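Since the structure comes first, as structure tokens, the remarks are kept for the end.
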Amino acid sequence: MMFFELSKIFWTIFAPLNILCICLFFSLFIPLFVRGGGGKALRNIVILLLLAGILPIGHDSLTFLENRFEKPKEMPAKVDGVILLGGAVSSELSHMRQEPVIGENGARLFAFMQLARQYPQARLVITGGSGSLFDQEHKEADYVKELFLSLGLRGRRVIYEPEARNTYENARFVREIVTNSSSETWLIVTSAYHMPRSIGAFRKEGIYPIAYPVGYLTSGEYHYVPRDFNVLNQYRYLHTALKEYIGNIAYYIGQKSNSLMPRQQ
């Protein structure tokens, strides 16, 4: 089984709320059949996960990721190209609704459009296939193309790459398009929390783009102590942050990133 399929199966099981539900379920029955520390260990895991819904662990972990890269204080006078990573449009929902459906990462699209207008000579690369384990027929790049054409973004400088299923493949397939990146200035647009893994993957492929993070989920300040009692928000932060930390580790171990936790150079 390949890296992509394994990552999807792993995260389906170990997403914070999923593992909490699994542990709660088994904690009800294991004490009936197993004596000793099995039931106690499960109860301890449940307690830790419940605390993660109260304490700002997820929020502060996500803040660290979002603060890892900043937008350029001064934008380059000349940019040769801009790369947009997939994840802003749901290919599955777009297919079902028969129109481009923008998700919570939609800020990537607006930032990309802004940069496309700011640098009218720059090449524009949109990379994104399907992240679904079961549906590889409907590609995100196709729906982004439909959206951009309706907004007037067209021409030979716009390149759509519809096969990448994850960040590693984004970098690998863009490498085949961007042949002179070492002597050119490129920008990469993705969500702020996703930028470290993205930069690591692209640097591993020999592409050193300037980070242009967007779509912030935190203010950039660490909370340390709870500011409000919103369990669902805390689990949302934890879910997003944990996925990125695990992704960074897996990419580094699997030699798909040049650093365990890339940072601004």
For this session: Please give the helix 3-14 orientation as an angle from the longest Cα principal axis of the chain, in degrees from 0 to 90, rounded to the nearest 10.
Result: 40 degrees
Exercise. Within the P(r) computed for the stretch 196-265, what percentage of the Cα pairs occupies the region above 13 Å?
Worked result: 70 percent
Seminar exercise, completed: accessible surface per residue for the chain, probe 1.4 Å, DNA/RNA/ligands not counted, whole Å² -> 54 Å²
Problem set entry | Among beta bridges that DSSP assigns inside the chain, antiparallel share in %, nearest 5 | 5 percent
Exercise. Under 12 Å Cα-Cα from Lys78, which aspartates and glutamates qualify once same-chain neighbours fewer than 8 residues away are excluded?
Worked result: Glu184
Problem set entry | Stretch gain in nm, segment Met2-Arg263, where the contour uses 0.36 nm per residue and the Cα spacing is subtracted | 91.2 nm
Exercise. How many percent of DSSP beta bridges within the stretch 78-185 run antiparallel, rounded to 5?
Worked result: 10 percent
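Report the longest stretch of the chain that contains none of the GluC sites (Glu not before Pro) sitting in a DSSP loop with at most 13 other Cβ atoms within 10 Å. Before the final figure, lay out the partial values.
Numbers: sites that count: Glu74, Glu104, Glu137, Glu221.
Result, exposed sites excluded: 138-220.
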For this session: Grab the alpha carbons of the stretch 165-215, take their convex hull, and tell me the volume per residue in Å³.
Result: 64 Å³
Seminar exercise, completed: Filtering chymotrypsin sites (Phe, Trp or Tyr not before Pro) in the stretch 160-265 by DSSP loop and by at most 12 other Cβ atoms within 10 Å leaves Tyr224, Phe229
Seminar exercise, completed: Helix-only [θ] at 222 nm, the chain, -39500 (n - 2.57) per DSSP H run of 4+, per residue, nearest 500, equals -15500 deg cm²/dmol
Exercise. Using every alpha carbon pair in the chain, what percent of pairs falls into each 10 Å bin from 0 up to the bin containing the largest distance?
Worked result: 7, 26, 33, 21, 9, 3, 1
Exercise. Principal axis lengths of the stretch 222-261 from Cα atoms, whole Å, largest first?
Worked result: 40, 18, 8
Exercise. Can you list the trypsin sites (Lys or Arg not before Pro) in the stretch 55-110 that are in a DSSP coil and have 16 or fewer other beta carbons within 10 angstrom?
Worked result: Lys73, Lys78
Problem set entry | the stretch 237-265 residues near the modelled Glu70 label - backbone nitrogen below 12 Å, point 7 Å along Cα→Cβ | 264-265
For this session: Please give the contour-minus-distance gain from Ala77 to Glu184: 0.36 nm per residue of separation, less the Cα-Cα distance, rounded to one decimal in nm.
Result: 37.3 nm
Exercise. His239: accessible area at probe 1.4 Å, nearest 10 Å²?
Worked result: 70 Å²
For this session: May I ask you to give the average projected area over all directions of the convex hull of the Cα atoms of the stretch 67-177, in nm² rounded to one decimal?
Result: 7.8 nm²
Problem set entry | Per-residue SASA entry for Arg172, accessible area with 1.4 Å probe, Å² rounded to 10 | 80 Å²
Exercise. Ignoring any ligand, DNA or RNA, what whole percent of the accessible area of the chain comes from carbon and sulfur when the probe is 1.4 angstrom?
Worked result: 59 percent
For this session: Kindly identify the stretch 97-146 as rounded, prolate or oblate by the Cα gyration tensor criterion: order the square roots of the eigenvalues as a ≥ b ≥ c, call it rounded if a/c is under 1.5, otherwise compare a/b with b/c, prolate if a/b is larger, else oblate.
Result: prolate
Seminar exercise, completed: So Phe134 and Glu99, fully extended at 0.36 nm per residue minus their Cα-Cα distance, gain in nm 10.5 nm
Seminar exercise, completed: Any trypsin sites (Lys or Arg not before Pro) in the stretch 174-265 that lie in a DSSP loop and have at most 13 other Cβ atoms within 10 Å would be Arg227, Arg263
Exercise. By how many degrees, between 0 and 90 and to the nearest 10, does the Cα long axis of helix 231-253 differ from the longest principal axis of the chain?
Worked result: 70 degrees
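The values are calculated or read from the model by the stated rules, or taken from the named source; none is laboratory data. The structure presented is a predicted model; accordingly, all values stated were derived computationally and were not measured. All Cβ positions, glycine included, derive from the backbone under ideal geometry; neighbour counts span all protein chains shown. Ligands, DNA and RNA are excluded from the accessible area calculation, which covers all protein heavy atoms including side chains. Shrake-Rupley method; radii C 1.70, N 1.55, O 1.52, S 1.80 Å.
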